[in-house]
1. Along segment 29-40, what does the Karplus equation 6.51 cos²θ - 1.76 cosθ + 1.60 (θ = phi - 60°) give for ³J(HN,Hα), rounded to whole Hz, x for Gly and Pro?
2. Counting only residues 5 or more places away or on other chains, whose amide H sits under 5 Å from the amide H of Thr49 once H atoms are built in the peptide plane?
3. Let me check I have the definition right: for segment 1-54, take the eigenvalues of the Cα gyration tensor, multiply each by 5, take square roots. What are those semi-axes in whole Å, largest first?
Amino acid sequence: MLPHDLCSHVQNAFRARHAKIFVEHNTQNLGILSILLRAGFISNITRGTITSPDPIAFHNVPEPQQRIWADLKYRNDIPVLKNMELGLLSFFTLYFHIIQKNIKTDASALSTNILV
C-alpha cells in the first residue's frame with residue numbers, strides 16, 4: 001500500500017465512523033500508524049490477520065494474510081483526525097501533513113497542525 005493510499009484509507013474510515021481499520025503489514029504502514037499513535041490520532045495498533053486483530057494468529061498465517069489493525073479515536077463522537085494529506089516538502093523529502101486535530105476545551109475548540 002502506497003502512503004497516499006494509507007492516508008485515504010484512514011481518512012475515509014474516520015468519515016465512515018469505523019471503530020477499527022486494518023492495512024497490509026509492512027514496515028512503512030507500521031511506521032506511519034506508529035506516528036499517528038504517538039500523535040494521539042489513533043488509540044491502539046496491533047498485529048492480526050485479515051479476519052481479526054489477533055497477535056497470536058498473526059504468526060500462524062502466511063505473510064499475505066498478515067495485517068496491522070488500528071483503533072480509530074473519536075472525542076464526543078467526532079473524529080480527532082479531520083484531514084490527512086501527503087505532501088511534497090522538497091524534491092527528496094516527503095512529509096505527512098496532518099491538520100485539524102480538534103481538542104475540545106471549555107472555552108473553544110483548538111486546532112493543531114502537526115508536521116511529521
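Just so it is clear, none of the values below were taken in a lab; they were calculated from the coordinates. Bear in mind that the values here come from a model prediction, so they are computed numbers and not experimental data.
1. Values per residue, Gly and Pro as x: 5, 4, x, 5, 5, 5, 5, 5, 5, 5, 7, x Hz.
2. Here the answer is Asp54, Arg67, since their amide H atoms fall under 5 Å of that of Thr49.
3. Working: eigenvalues 43, 38, 32 Å².
Result for segment 1-54: semi-axes of 15, 14, 13 Å.
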